[in-house]
């Protein structure tokens, strides 16, 4: 059985719409505590380690194939954490306005307590120089939903209006490098070749 070690509704939707049969088994990992172990590591490496840790922490049987995933946002070489509230989200969006950043989206597959595959995709995103009033209306329309994304943007919806340019994998921006993951699931015999 394929298990998704994430409570992310977006990741689940991506898998469901791609025709992947799976069950959600969110990991019991304390993400903040786990992230503190990697302080000083590159944001890309932190995403990979968190994806692996989530997959390893999920409740699974011996033949289950567990998908763990995580994202980190890198701005000027620094790791940016999720915003805790709308005030922080506003400041986050203002700090990203008119600038490039990288979103590192990592995924790990675990079977029988061992990592069988890992991958990471790191799209570069450029936000446009939007107005203060646009930020206010965007956050008013989306509220706490904006807090679910480390960048406070919902690219699959109105968040697309925040951007001037995107270079990289759309699925990775949503939280799952889907094309690479599907290939890995086929290689593991979990999907038809």
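The values are calculated or read from the model by the stated rules, or taken from the named source; none is laboratory data. Since the model is a prediction, treat every value here as computed from it, not as a measurement. Virtual Cβ from ideal backbone geometry, glycine too; neighbours counted across all protein chains shown.
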**OP:** Inspect all residues belonging to the stretch 57-67 and state whether any of them is at pLDDT below 95, surrounded by 14 or more Cβ atoms within 10 Å (Cβ to Cβ) and part of a helix (DSSP H, G or I).
**Re:** yes
Original post:
Are there any strands (runs of 3 or more DSSP E) wholly within the stretch 104-179 with 2 or more residues that are touching a residue at least 60 places away in the same chain (Cβ under 8 Å) and in contact with a strand residue (DSSP E or B) (Cβ under 7 Å, 6 or more places away or on another chain), and if so which?
Top reply: 114-121
Original post:
Of (1) in contact with a strand residue (DSSP E or B) (Cβ under 7 Å, 6 or more places away or on another chain); (2) free of Cβ contacts under 8 Å to residues at least 40 places away in the same chain; (3) in a loop (DSSP other than H, G, I, E, B), residue 6 satisfies all except one. Which?
Top reply: (2)
**OP:** Go through the stretch 68-98 residue by residue and tally those that are surrounded by fewer than 20 Cβ atoms within 10 Å (Cβ to Cβ), in contact with a helix residue (DSSP H, G or I) (Cβ under 9 Å, 6 or more places away or on another chain) and assigned to a helix (DSSP H, G or I).
**Re:** 4
Original post:
Based on what the data block shows, is residue 12 modelled with pLDDT of 90 or more, surrounded by fewer than 19 Cβ atoms within 10 Å (Cβ to Cβ) and not in a strand (DSSP E or B)?
Top reply: yes
